[in-house]
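Read-outs: derived from the displayed coordinates by stated rules, not from any lab. Here the structure is a predicted model, which means the values were calculated and not measured. Cβ placement follows ideal geometry from the backbone for every residue including glycine, while neighbour counts extend to all protein chains displayed.
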Amino acid sequence: MIVLKSPAEIEKMRSAGRMVAEILAGLKEIAAPGVALIELDAYAERETLKRKAKPAFKGYSGFPFSLCCSVNEQVVHGMPSARVLKPGDIVSLDFGVIYGGYYGDAAVTLPIGQVSEVAQRLMKATEESLYRAIDACTTSHRLSDVSNAVQSYVEERGFSVVRDFVGHGIGKELHEGPQIPNFGSPGKGPKLKPGMVLAIEPMINEKSFDVKVLEDGWTAVTIDGGLSAHFEHTVAVTDHGPEILTQL
Ligand code: MG
């Protein structure tokens, strides 16, 4: 089921989304060689509580942290730890809050120091594919046009789309319908309507799209050890086009 949000609800989701954007911007400032992942998690949690919001992921299905930190071949749902970021790493930070009864959810992949040329291309293609997908969030499109926008963009550049994890509707629940795969042929699924709010999140691999989950029960990694990148925004479909809620 897809729950449509009223303008008043979208206004509340703007507040949650703005917080997510502010906190991710803060994390971007502090993520650097020598910083431990657990310090990033502590920052995210502290800044969330300061704003009288709650971290969305902490306690979600038992996830013990506020922030997901996925380094290099880790795809999503990496656990913050004492691991220290090194020059050449790429780190995906996925973060959400609940505020005023509504969720916001977004992710970025950041380069740590100087990173390889392929890492730069992967991050750029993943981020750009997200914006192509957002451009498809208009009332003249169907849901799979969003999926296809990601897939066609990244595959043309030689990268692959993770199949095992997908984007989602978002609102009073962190994960609502519809599921939003990052692959598929265009022109299928429900027509997009004003009031739909979608968390669109391409997860793109350098090599094959196959992933597995480690023994911690959370961390997804590429099977072939290739790099992976992840970008996400929470986006409202409106009469006048897409509105990114998790952007400053
Ligand atoms: Mg999400």
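Do you know which residues across the range 76-98 are buried (at least 19 other Cβ atoms within 10 Å of the Cβ) and more than 16 Å from the ligand (Cβ to nearest atom)?
Of everything in the range 76-98, those that are buried (at least 19 other Cβ atoms within 10 Å of the Cβ) and more than 16 Å from the ligand (Cβ to nearest atom) turn out to be Met79, Pro80, Leu85, Asp89, Ile90, Val91.
Hey, among Asp94, Asp105, Asp89, Asp41, which residue is under 22 Å from Ile223 (Cα atoms) and out of contact with any Cys (no Cβ under 6 Å at 6 or more places or on another chain)?
None of the others qualify; the one that does is Asp89.
Which one of the conditions (1) touching a Lys or Arg at 6+ places or on another chain (Cβ under 7 Å); (2) closer than 15 Å to Phe231 by Cα does Arg142 fail to meet, given that it meets all the rest?
If we test Arg142 against (1) touching a Lys or Arg at 6+ places or on another chain (Cβ under 7 Å); (2) closer than 15 Å to Phe231 by Cα, just (2) comes out false.
Given (1) surrounded by 24 or more Cβ atoms within 10 Å (Cβ to Cβ); (2) away from the ligand (no atom under 16 Å from the Cβ), where does Ser116 come up short, assuming only one miss?
All conditions pass for Ser116, except number (1).
Return the residues of the range 146-189 that are more than 26 Å from Thr222 (Cα to Cα) and either part of a loop (DSSP other than H, G, I, E, B) or in contact with a Pro (Cβ under 7 Å, 6 or more places away or on another chain) (or both); say none if nothing qualifies.
Listed by number, the residues that qualify are Ile170, Gly171, Lys172, Glu173, Pro186, Gly187, Lys188, Gly189.
Which one is surrounded by the most Cβ atoms within 10 Å (Cβ to Cβ) among residues in the range 8-46 that are free of Cβ contacts under 8 Å to residues at least 60 places away in the same chain and farther than 20 Å from Ala82 by Cα? Give the steps one after another, and end with the answer.
Let us first name the residues in the range 8-46 that are free of Cβ contacts under 8 Å to residues at least 60 places away in the same chain, namely 8, 11, 26, 29-30, 34-46.
Checking the rest, the ones that are also farther than 20 Å from Ala82 by Cα come to 8, 11.
On the way: Ala8: 8, Glu11: 12.
Per the stated criteria, the residue is Glu11.
Please return the ranges of strands (runs of 3 or more DSSP E) entirely within the range 190-248 where 2 or more residues are within 16 Å of the ligand (Cβ to nearest atom).
Numbers: elements: 197-200, 203-205, 211-213, 220-222, 228-230, 233-238, 241-244.
The qualifying strands (runs of 3 or more DSSP E) are 197-200, 203-205, 228-230, 233-238.
In the range 54-81, how many residues are touching a residue at least 12 places away in the same chain (Cβ under 8 Å) and not in a loop (DSSP other than H, G, I, E, B)?
11
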